[in-house]
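A short worksheet on the structure shown next.
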Amino acid sequence: MTEKPKVGVYVCHCGINISSTVDVDAVSEYAQKLPNVEVARTYSYMCSDPGQVLIKNDIRELGLNRVVVASCSPRMHEPTFRKAIKEAGVNPFFLEMANIREQCSWVHEEIEEGTAKAKKLVGAAVAKARLLEALESKEVDAEPAALVIGAGIAGIQASLDIADAGFKVYLVEKTPSVGGRMAQLDKTFPTLDCSACILTPKMVDCASHPNIELLSYSEVEEITGFIGNFDVKVRKKARYVDFDKCTGCGDCAAACRVKDRFPSEFDQGMGKRSAIYLPFPQAVPAKYTIDAENCLFLSKGKCGKNPKCQEVCGAEAINFEQQDEMVEFKVGAVIVATGFDTFDASRKPEYGYADYPNVITGMEMERLVSASGPTGGKVKIFNGKEEIEPKEIAFIKCVGSRDKSVGNEYCSRVCCMYVAKQAHLLRDKMPDANIRVYYMDVRAFGKGFEEFYDRVRRENVRYIRGNPSEIFKRGDKLVVKVEDTLTATPLEDEVDLVVLGVGLEPRADMREVMDLLRLSQSPDRFFLEAHPKLRPVDTATEGVFLAGCCQGPKDIPDTVAQAKGAASSAMIPLARGKVTIGAQVASVNEATCRGCSFCVSICPYTAIEMVTVNRFGHEVEVARVNEALCKGCGSCSAACLSDSIQPKSFRDRQILPQIAALGVLK
Amino acid sequence: MSTEIQTFTEKYDLLGCIQCGRCTGGCPVTVRANLNVRQFVYDAYNEEKLDELARLAEIWDCTACHTCAVRCPKGLKPLEVLIGLRSMIVESGKVEPTVRDALQSVLLEGNPWEKSRAARSDWMEGLDVKIAEPGVEVENLFFVCCTIAYDPRVQAIAKNMVRLLNKAGIDYAFLPEEESCCGSEVFTLGEEGLFEMLVEDNTEYLNEYSAKRIVTLSPHCFTTYKTHYPDLKTPILHYTQLLVELLHEGKLTWKGDLQKRIVYHDPCYLGKQGDVYDEPRELLKSIPGVEVVEFDRSRERSLCCEGGGGKMWVESESKKERLADTRIKDAKDLQADIVAVACPFCVMTLEDSMKGLGFEEEMRVAEIMELLGEHIEA
Ligand SMILES: Cc1cc2nc3c(=O)[nH]c(=O)nc-3n(C[C@H](O)[C@H](O)[C@H](O)COP(=O)(O)OP(=O)(O)OC[C@H]3O[C@@H](n4cnc5c(N)ncnc54)[C@H](O)[C@@H]3O)c2cc1C
Ligand code: SF4
Ligand code: SF4
Ligand code: SF4
Ligand code: SF4
Ligand code: SF4
């Protein structure tokens, strides 16, 4: 029970990281004299195995019951030392760390200053350590199922992995079909596999897998709960086509009164579709959907005498009465795989994308060269006057990437290679065309990429170093105004077709998902991972993981690798069947809580609710903390007017003496 | 504030450059002059070479259109490297006499045209103009511009504005003859010291007036105040912005009609630099009968007329086709009757070309205010 604190202090050299600007021996000697300190030592690397053994031995031999480690940030090694003292029989929460590296040696240049500050930090840590309380972590059951948001290649791969491991997966896709951007691609660099050939089997698998529940044309509306226990609400949007009855025959689309009138999203608007449509022939599920905005019956209330689609549909699948449907389920983990948008080229008006039909984007080129595309793979383009087969073709790279003027400073990573790929595909189709690529750097960093780039150049694709500044028209030609920077020659290059190597951007609608899951953005505006190196698929919200281009631009190999990483991380709680809940959570002193519920409105994790309790014979409202949701952030504690809610280990009585020891408080 | 002197490299962020070539690629004068601004950004890194670079004639070919700055992906302003080099020459005093006289005139008379300050308000003669007084509140305070104030060719801009404002009955006042040059051309000619002085004096002078906003007649003043006067209290407008506002409020109505095909030329200082594209077009379209057509190279892709960057005082040695000639020929191809602009400098350069090409009979270059002036109801 109540026992006298016996503190051990361990000052780390961290090689010379700390010891070059902090006199560690002086710090240790100083600590030795502090109240309740039994022993103080220094060691070259406290986190190493011998370093930990040092602590464990002291605990056993000297009967220590509190440990202070003065080393690096607790973000690095707090778990390491907690585990070590626990192994020696001390409650893991009887540990306090003094960060004398990031907060001390790395920010001071003079050893005197560094040492003086280290002493204060250690003194403060000892002051707090004496007052720590023993805490127990709890475990709760985890639901053995996962939610995957977005069914591009990232979401598909993650779902298949989790489902193959035997867990249930709910795969939610916003559009009528799975596949994402990869489904739109023709061939894929650097190996030139046909995109559909490698993707379609996976798409089919995810619709037929017994463990995957595919919710296409659906959106997540609400997610509450915490790791292991998320409650999810999904809206299945009305397709106006009975999912079970529709055979995918396509008779309706062929008969639709507004047949082939609307720009096909899949063909980047270059092809047309009807109001009732399948996004593309290999779409999964192979079920038709009515676009309510453009359907005559749904938008105007009348489609001729009778809706044509209804007339011809042999399966009687058309159902104009259909309503959105809400589905609810529980999962233990969530994977966000919502992908990217391509850069809107009209935001660089100097390239005339909005003005000239023969200035197109890389995504449009994918559809143009594809045998399943709007031209059947024939490269034909309207130049404002007539349809031509272009002879002079220019690619422009880095459009909307590496460019402060449009707010995108990052490199999009895939455009160098897809431009090389498309140049190769054009060369294949048009041996006589003059193809040039305007570039400022060629980033061919992946496996097989440089080799592919070498091959494409030797196929007589001219790489000219200069990033074009402007495109205008002269007669029937487009003039690319650019400098060949290697010869310092300003050029006005006359061409028939310009392909803009547009970059990747965060999705315009990403905020919806951010708000659902409390995710953050990195400076490039893509979703922020928990650690750029060591936790690249995790987020700050436990149990929520990232896969694919929603986290940053990537090619397919990297997307798939990350998806597999996210799947394996998500499966940890599912496989264990249990999750550990943090012990350093807030607790309420129900005797003093005034029931004002101020903390409820403050808590960023919605972890607090009001409950009625009996206090000395009176029914009163008090705050109660859901320990599974609480992150121990302390916001409530700062707000509470009666000091009734405080995070364990960070109670006033623990941190005020710590601050006092720093010499800040009197 | 740190008193350390920035090096040339630091001042112009030369290390931020990735040598992409967008600046030179976009530079309109490369088709007729030897200027390669990217190469200057590259070479200026070598401080020992600066004197040599400053002596190169092509640094005076830059028209300060700012295309290079607008296009630079890394936020550099390449033209300012050229201006930095110009300032080394200006400091040494080895400038053309025309430049020297213009700068001297700004210093002594507050305008680069070697006119007397006392004559700055002469254009107002015979007009009922409201004059601003310090401290007296006014909604729209007008800043005229040296060129419009003194050059009879473009004075109509100001005169018509007065008639229009009186007609519309809005709260306005013009600055008295103490109004001084905004320094646009002083800056681009590289007279750094004089420019700093103008910024200080003009800021102090203009801040004494209690205006809701300052309306400039020239886009050069407009952009200069917006970008180089951080301590100016009052928001700056170009007159086309104000007039469109009045148009929407129904305060402008036109008489007669103008059965003409008009092509609008975007001045660099208003479009690329000021981001004002729609208002001038809307004004033109509001005149009954007018048909507005567009250059292929319009808006963000507009071609510079070579009027800015101090080019009024430095003649180019190039014998190749002037950009203003290219522009007028394009207008001819469009069968435009009128080339409309919203800048006094553009009026002069384009009209020169129009006359030089012998199109005087069938074509006209006009400032939007001139056209509007012809349609103000009595
Ligand atoms: C022109 C071009 C050519 C390319 N060529 C190649 C190539 O040859 N080789 C290569 O390796 N890579 C290539 N790439 C890159 C490749 O496209 C990407 O790596 C890949 O598509 C990323 O997949 P993803 O699943 O992360 O994203 P996406 O493909 O964007 O998929 C995201 C999915 O999530 C859905 N979604 C979004 N938000 C929500 C939401 N809130 N709720 C539900 N669903 C949602 C979307 O509808 C979509 O189906 C190319 C890229 C471009 C632009
Ligand atoms: S109701 Fe008419 S417009 Fe709508 S999908 Fe059917 S046929 Fe097409
Ligand atoms: S991948 Fe290549 S084209 Fe794309 S932004 Fe990076 S450097 Fe530019
Ligand atoms: S500590 Fe933070 S997360 Fe926990 S209840 Fe208080 S405000 Fe909510
Ligand atoms: S545009 Fe900017 S980054 Fe590119 S070469 Fe010019 S100064 Fe350098
Ligand atoms: S300001 Fe215009 S003329 Fe001068 S260097 Fe830049 S682009 Fe060329």
Given the rule -39500 (n - 2.57) for each run of at least 4 DSSP H residues, summed and divided by the residues of chain A, what is its mean residue ellipticity at 222 nm, to the nearest 500 deg cm²/dmol? -8000 deg cm²/dmol
How about chain B: what cysteines have no other cysteine beta carbon under 4.7 Å from their own? B:CYS17, B:CYS20, B:CYS27, B:CYS62, B:CYS72, B:CYS145, B:CYS146, B:CYS181, B:CYS305
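Tell me, A:TYR217, A:TYR45, B:TYR12 in order of fewest to most beta-carbon neighbours within 10 Å? Don't skip to the answer; put the middle values down first.
Values: A:TYR217 20, A:TYR45 15, B:TYR12 24.
Final ranking by Cβ density, sparse to dense: A:TYR45, A:TYR217, B:TYR12.
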For the range A:429-535, projected area of the alpha-carbon convex hull averaged over all directions, nm²: 11.1 nm²
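Once you have the Kirkwood Rh of the range A:340-505 from its Cα pairs, apply Stokes-Einstein at 10 °C and 1.306 mPa s and quote D in µm²/s.
Result for D is 100 µm²/s.
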Only Lys, Arg (+1) and Asp, Glu (-1) charged, at Cβ; the range A:586-647 dipole about Cα centre in debye: 100 debye
Calculate the length of the line joining the C-alpha centroid of the range B:89-138 to that of the range A:232-302, in whole Å. 68 Å
Would you be so kind as to identify which of B:VAL314, B:LEU232, B:SER302 lies farthest towards the positive end of the dipole of the range B:227-356, taking Lys and Arg as +1 and Asp and Glu as -1 on Cβ and the Cα centre as origin? B:VAL314
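So which trypsin sites (Lys or Arg not before Pro) in the range A:344-417 are both in a DSSP loop and have at most 15 other Cβ atoms within 10 Å of their Cβ?
Working: sites: A:ARG347, A:ARG367, A:LYS378, A:LYS380, A:LYS385, A:LYS391, A:LYS397, A:ARG402, A:LYS404, A:ARG413; in loops: A:LYS378, A:LYS380, A:LYS385, A:LYS391, A:ARG402, A:ARG413.
Qualifying residues, ordered by number: A:LYS378, A:LYS380, A:LYS385, A:LYS391.
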Calculate how large, on average over all directions, the projected area of the Cα convex hull of the range B:3-92 is; give the answer in nm² to one decimal. 5.9 nm²
Qualifying trypsin sites (Lys or Arg not before Pro) for the range B:140-173 [loop in DSSP, other Cβ within 10 Å: at most 16]: B:ARG153
The ratio Rg/Rh over the Cα atoms of the range A:458-505, Rh being the Kirkwood inverse mean 1/r radius, stands at 1.00
In nm, to one decimal, how far is the A:GLU222 label point from the B:LEU108 one, both placed 7 Å along Cα→Cβ? 8.0 nm
Mind computing the radius of gyration and Dmax over the alpha-carbon atoms of the protein assembly as shown? Å is fine for both. 35.8, 108
Give the separation of the Cα centroids, the range B:40-71 to the range A:431-468, in Å. 31 Å
Any idea what log10 I(q)/I(0) is at q = 0.10, 0.11, 0.15, 0.27 Å⁻¹ for the range A:86-170, Debye with uniform C-alpha scatterers and no solvent? -0.62, -0.67, -0.72, -1.20
Testing the spin-label approximation: label points 7 Å from Cα along Cα→Cβ at A:LYS404 and A:GLU110. State their distance in nm. 3.6 nm
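Using a Förster radius of 45 Å, what is the FRET efficiency between B:LEU127 and B:ARG261 based on their Cβ-Cβ separation? Nearest 0.05, please. Working shown, then result.
On the way: r = 32 Å, r/R0 = 0.70.
It comes out at approximately 0.90.
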So which DSSP H runs in chain A come out at 27 Å plus along the axis (Cα) with average Kyte-Doolittle of at least -1.0? A:556-576
Relative contact order of chain B, defined on C-alpha pairs under 8 angstrom at six or more residues apart (%): 16 percent
Taking 30 Å as R0, compute the FRET efficiency from the Cβ-Cβ separation of A:LYS578 and A:HIS209 and round it to 0.05. 0.70
Provide the gained length on full extension for the span A:LYS391 to A:SER522, in nm with one decimal, where the gain is 0.36 nm per separating residue minus the Cα-Cα distance. 42.9 nm
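What are the semi-axes of the equivalent ellipsoid for the range B:98-247, taken as the square roots of 5 times the Cα gyration tensor eigenvalues, largest first, in whole Å? Could you put the intermediate results ahead of the total?
Numbers: eigenvalues 114, 62, 37 Å².
The three semi-axes for the range B:98-247 are 24, 18, 14 Å.
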Among the GluC sites (Glu not before Pro) in the range A:1-91, which ones are in a DSSP loop with at most 14 other Cβ atoms within 10 Å of the Cβ? Mind listing them? A:GLU3
Least to most buried among A:HIS618, B:HIS220, B:HIS238, A:HIS209, by other C-beta atoms within 10 Å and fewest first, runs A:HIS618, A:HIS209, B:HIS238, B:HIS220
By Cβ neighbour count within 10 Å, fewest first, A:HIS77, A:HIS531 rank A:HIS531, A:HIS77
Pairwise over distinct Cα atoms, reciprocal of the mean inverse distance: report the Kirkwood radius of the range B:1-154 in Å, one decimal place. 18.6 Å
Give me the percent relative contact order of chain A, please, defined on Cα pairs under 8 angstrom at least 6 residues apart. 13 percent
Gyration tensor verdict on the range A:180-273 (Cα atoms; rounded if a/c is under 1.5, prolate if a/b is larger than b/c, oblate otherwise): oblate
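Step through the table entries A:LYS477/B:LYS77; A:LYS237/A:LYS302; A:LYS83/A:LYS648; A:LYS397/A:LYS477, compare each Cα-Cα distance with 27 Å, and write down the pairs that go over it. Intermediate results must be reported in sequence, preceding the final value.
On the way: A:LYS477/B:LYS77 31 Å; A:LYS237/A:LYS302 22 Å; A:LYS83/A:LYS648 19 Å; A:LYS397/A:LYS477 20 Å.
Among A:LYS477/B:LYS77; A:LYS237/A:LYS302; A:LYS83/A:LYS648; A:LYS397/A:LYS477, the Cα-Cα distance tops 27 Å for A:LYS477/B:LYS77.
So, R0 is 60 Å and r is the distance between the beta-carbons of A:PHE650 and B:THR98; what FRET efficiency does that work out to, to 0.05? Can you show the working numbers first?
Numbers: r = 74 Å, r/R0 = 1.23.
Efficiency, from the Cβ-Cβ distance: 0.25.
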Dipole magnitude of the protein assembly as shown about its Cα centre, charges +1 at Lys/Arg Cβ and -1 at Asp/Glu Cβ only, in debye to the nearest 20? 3320 debye
Quick check: pseudo-label points 7 Å beyond the Cα along Cα→Cβ at B:LYS332 and A:ASP324, how many nm apart are they? 6.2 nm
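Percent relative contact order of the range A:251-312, based on C-alpha pairs within less than 8 angstrom and at least six residues apart?
Working: 83 pairs, mean separation 21.4, N = 62.
Here the relative contact order equals 35 percent.
Can you work out D for the range A:512-580 in µm² s⁻¹ from Stokes-Einstein, where Rh is the Kirkwood radius over C-alpha pairs, the temperature is 25 °C and the viscosity is 0.890 mPa s? Can you show the working numbers first?
Numbers: Rh = 12.5 Å.
Rounded to a whole number, D works out at 197 µm²/s.
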May I ask for the angle, rounded to the nearest 10°, between helix B:239-248 and the longest principal axis of chain B, with both axes built from Cα atoms and the value confined to 0 to 90°? 40 degrees
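Per residue of chain B, what 222 nm ellipticity follows from adding -39500 (n - 2.57) for every DSSP H run with n ≥ 4, rounded to the nearest 500? Write out the running numbers ahead of the final one.
Values: 17 runs with 154 residues, N = 378.
Theoretical 222 nm ellipticity from helices: -11500 deg cm²/dmol.
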Please sort B:174-181, A:67-74, A:300-307, A:421-428 by packing, taking for each peptide the average over its residues of neighbouring beta carbons within 10 angstrom, highest first. A:67-74, A:421-428, B:174-181, A:300-307
Working from the alpha-carbon coordinates of chain B, get Rg over Rh, Rh being the Kirkwood radius. 0.96
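So what is the diffusion coefficient of the range B:186-290 in µm² per second by Stokes-Einstein at 4 °C and 1.567 mPa s, using a Kirkwood Rh over Cα pairs? The partial results should precede the final answer.
Working: Rh = 15.6 Å.
Translational D for this selection: 83 µm²/s.
Read-outs: derived from the displayed coordinates by stated rules, not from any lab. The structure presented is a predicted model; accordingly, all values stated were derived computationally and were not measured. Positions of Cβ are backbone-derived with ideal geometry, glycine not excepted, and every protein chain shown enters the neighbour counts.
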